[in-house]
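In what follows, a single structure is set out as structure tokens and then discussed.
The values are calculated or read from the model by the stated rules, or taken from the named source; none is laboratory data. As the structure is a prediction and not an experimental result, all values here were calculated from the model. Note that we place each Cβ from the backbone using ideal geometry, even for glycine, and neighbour counts take in every protein chain shown.
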Amino acid sequence: MAGGAVLIVGGTHGLGLELAKHFAGKDHDVIVTGRDPQRAAAAAREIGDGTRGLGFDLAEPAQIAPALKDVGPVHHLVLAAIERDENKIREYDVSRALRLVTLKLVGYMEVVHALHSSLGTDSSILIFGGGAKDKPYGGSTMVTTVNAGVQGLVRTLVMELAPIRVNAIHPGIVGDSPYWSAKPAQVLEGVRAKTPAGRLATMRDIVDAAVFLLTNPAVNGVDLAVDGGWHFMTW
């Protein structure tokens, strides 16, 4: 289709999958990636409308450029892959810490490096961080660190890639997501009760915000929290 593809790294499940479903069948081809090639192919079939699936592991940066070499023009690039890691200081696991930092920071940037010549002057990039950058919790040492690092990535990429737009989205607790909906109801209710908006973010909320950041031509260099105001609350 005209204008290049929508490529969603981490588009095989959760928020990335929902965003891929939004774009499928519209003005752009959709490509989703995941760590497992078979899972990526299965997700592409589920999405339909000619969606393609690619497999590579962001924590193995040498895999990335070869996997993306035949992608073609890209209009919207979304970096949404995550791994949830509880890594407490007293039981610090260096191998897990290195994997998460490599995946979220080095791997993300290698995707941009591999695709920079495929991006047009009107292309956009969206990087997923997370609410842990503002609201750390027990075991979030590395998650908080890498999500805060996303802010630095946005700032440098806005300058290096101009006029390509680069933004970040930082979801809070997404109540109907596969991860959070499996949590005990009292946990979610406790957060909802303290959230200024009186409700948890939904997957639809995150998709709507992501589409806005990707498509509004005047929005650039933004770190957007989508959490009903939870990031303002003190413990």
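Worth a mention:
- Test: residue in the range 142-154 that is hydroxyl-bearing (Ser, Thr, Tyr), in a helix (DSSP H, G or I) and within 15 Å of the chain's Cα centre (by Cα): yes
- Among the residues of the range 182-213, those identified as among the aliphatic types (A, V, I, L, M), in a helix (DSSP H, G or I), surrounded by 13 or more Cβ atoms within 10 Å (Cβ to Cβ) and in contact with a helix residue (DSSP H, G or I) (Cβ under 9 Å, 6 or more places away or on another chain) are LEU188, VAL191, MET203, ILE206, VAL207, ALA210, VAL211.
- Index of the failed condition, ALA59 passing every other in (1) part of a helix (DSSP H, G or I); (2) modelled with pLDDT of 95 or more: (1)
Results for (1) among the charged types (D, E, K, R); (2) free of Cβ contacts under 8 Å to residues at least 60 places away in the same chain, shown as yes or no for each residue.
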| site | (1), (2) |
| --- | --- |
| ARG96 | yes, yes |
| THR102 | no, yes |
| MET109 | no, yes |
| LEU115 | no, no |
| SER118 | no, no |
| SER123 | no, no |
| GLY139 | no, yes |
| LEU153 | no, yes |
| THR156 | no, yes |
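- Subset of the range 86-121 [of a type in the set (Asp, Glu) and modelled with pLDDT of 95 or more]: GLU110
- Filter result for the condition that a residue is exposed (fewer than 13 other Cβ atoms within 10 Å of the Cβ), of a type in the set (D, E, K, R) and assigned to a loop (DSSP other than H, G, I, E, B), over ARG84, ARG90: ARG84
- Checklist (1) under 30 Å from LEU161 (Cβ atoms); (2) surrounded by 13 or more Cβ atoms within 10 Å (Cβ to Cβ); (3) in contact (Cβ under 8 Å) with a residue 24 or more places away in the chain; (4) not acidic (Asp, Glu) applied to ASN216, failing item: (3)
- For the range 35-64, a residue qualifies if it is in contact (Cβ under 8 Å) with a residue 40 or more places away in the chain, surrounded by 19 or more Cβ atoms within 10 Å (Cβ to Cβ) and small (Gly, Ala, Ser), and exactly one does: GLY53.
- The lone criterion from (1) modelled with pLDDT of 95 or more; (2) surrounded by fewer than 23 Cβ atoms within 10 Å (Cβ to Cβ); (3) out of contact with any Lys or Arg (no Cβ under 8 Å at 6 or more places or on another chain) left unmet by ALA2 is number (1).
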